[in-house]
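Remarks on the structure that follows.
The values are calculated or read from the model by the stated rules, or taken from the named source; none is laboratory data. All values reported here derive from a predicted model rather than from experimental measurement. For neighbour counting, all protein chains shown are included, and Cβ atoms are generated from backbone atoms with ideal geometry for every residue, glycine included.
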Amino acid sequence: MSLALPNGIQLEANSGLPRLILTTQYAEAEVYLHGAHVARFRPRGASHDLLWMSRESWFEPGKPIRGGVPVIFPWFGPHPTRPDLPAHGFARTRPWSLVSASDDGDRAAVTFSLAPDDDSRRLWPHAFELRYTVEVGRKLAMTLETRNLSHDSFTFEQALHTYFTVSNVRQIEVTGLEGREYIDKMDGGARKTQQGPIGFTGETDRVYLNTADTVTIRDEGLGRAIAVSKEGSGSTVVWNPWIDKARRMPDYGDEEWPGMVCIETANAGENAIQLSPGMTHAMKAVIGLK
Ligand code: TA6
């Protein structure tokens, strides 16, 4: 890597996948070049990292990291017509390029880019560029820009698939989505309306639609509340695998499911984005302690 890094940003390339450590007076974070994957975010003084990481996660080229913030593009979930293709697209398993790095003591920021390659073109034949900026300060801000570099419109789905650390998923509440419509993937994709705060009593996999709402994870067990706010996102996905699905995932410990919840900032399903030639779309997620 030829880019000169400021003091608050260190490159660790000695073992495994190269990663950047961002340190400010307010928080520390870790970002892998693989998938431009934010793996950790810990405000100074916080008892636990805000982001969850499986002890069984892979950290290998070509494989997704299980935890932190996977960058999902250009489709969400299984490919709509090709079950043989990787779930959640290809952005999270590609090496991204570091474009810039800055640090003013209060805020450290890195920007990555991803362009098509021969493999991705076989999966998704459109000319695009992704630019992804991660800002570490009192909060963690992640902005994903998608540029259409082709002569035709294209439609894509995307998500910042964020895994959060919680004390016990059975004892937390997620608020902010009351009254919103969602697709219940645990009930054959039935369309429902959220009644009151979200509690967890089993495998939960919901795509909330047409919502720009800030979501809060209320975790009395850890004595904290985490706010997830967003811009440029119409969907919020809420997921916990519970017992059986946890057992089916090779990169996820059988007993880990109580300690995490995913609140994902997305544009999925009917909220997919149609982008005209030459245009850019930005989606931003901001997470922090309330
Ligand atoms: O965001 C929820 C979800 O779509 C679930 O259905 C589950 O598959 C999860 O993503 C994890 O997907 P992955 O491909 O990372 O195992």
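For the reader, a short list of remarks on this structure follows.
- Among the residues making up the range 32-64, those that are in contact with a Phe, Trp or Tyr (Cβ under 8 Å, 6 or more places away or on another chain), touching a residue at least 40 places away in the same chain (Cβ under 8 Å) and more than 16 Å from the ligand (Cβ to nearest atom) are 33, 43, 49, 50.
- Test: residue in the range 24-40 that is crowded, with 20+ Cβ neighbours inside 10 Å, acidic (Asp, Glu) and under 28 Å from residue 4 (Cβ atoms): yes
- A single entry from 100, 150, 54 fulfils the requirement of being surrounded by 19 or more Cβ atoms within 10 Å (Cβ to Cβ), at pLDDT 95 or above and among the hydroxyl-bearing types (Ser, Thr, Tyr): 54.
- Taking the conditions (1) surrounded by 20 or more Cβ atoms within 10 Å (Cβ to Cβ); (2) under 20 Å from residue 133 (Cβ atoms) in turn, residue 4 satisfies each one other than (1).
- Residues in the range 200-223 that are among the basic types (Lys, Arg) and under 21 Å from residue 187 (Cα atoms): 206 alone.
- The set of residues in the range 66-92 that are β-branched (Val, Ile, Thr), under 13 Å from residue 38 (Cα atoms) and more than 9 Å from the ligand (Cβ to nearest atom) comprises 69, 71.
- Given (1) crowded, with 19+ Cβ neighbours inside 10 Å; (2) farther than 12 Å from residue 236 by Cβ; (3) β-branched (Val, Ile, Thr); (4) without any contact (Cβ under 8 Å) to a residue 60 or more places away in the chain, number of the condition residue 136 does not satisfy: (4)
- Residue among 258, 241 that is under 19 Å from residue 53 (Cα atoms), away from the ligand (no atom under 16 Å from the Cβ) and touching a helix residue (DSSP H, G or I) at 6+ places or on another chain (Cβ under 8 Å): 258
- In the set 80, 125, only one residue is within 30 Å of residue 185 (Cβ to Cβ), assigned to a loop (DSSP other than H, G, I, E, B) and modelled with pLDDT under 95; that residue is 80.
- In the range 75-102, the residues that are without any contact (Cβ under 8 Å) to a residue 24 or more places away in the chain form Cβ pairs under 6 Å with partners that are within 11 Å of the ligand (Cβ to nearest atom) and aliphatic (A, V, I, L, M), at six or more places apart or across chains, as follows: 78/87.
- Condition met for residue 261 (within 14 Å of the chain's Cα centre (by Cα) and surrounded by fewer than 19 Cβ atoms within 10 Å (Cβ to Cβ)): no
- Scope the range 198-234; condition within 16 Å of the ligand (Cβ to nearest atom), surrounded by 19 or more Cβ atoms within 10 Å (Cβ to Cβ) and either in contact (Cβ under 8 Å) with a residue 40 or more places away in the chain or on the phi > 0 side of the Ramachandran plot (or both); matching residues: 198, 200, 207, 215, 217, 228, 230, 233
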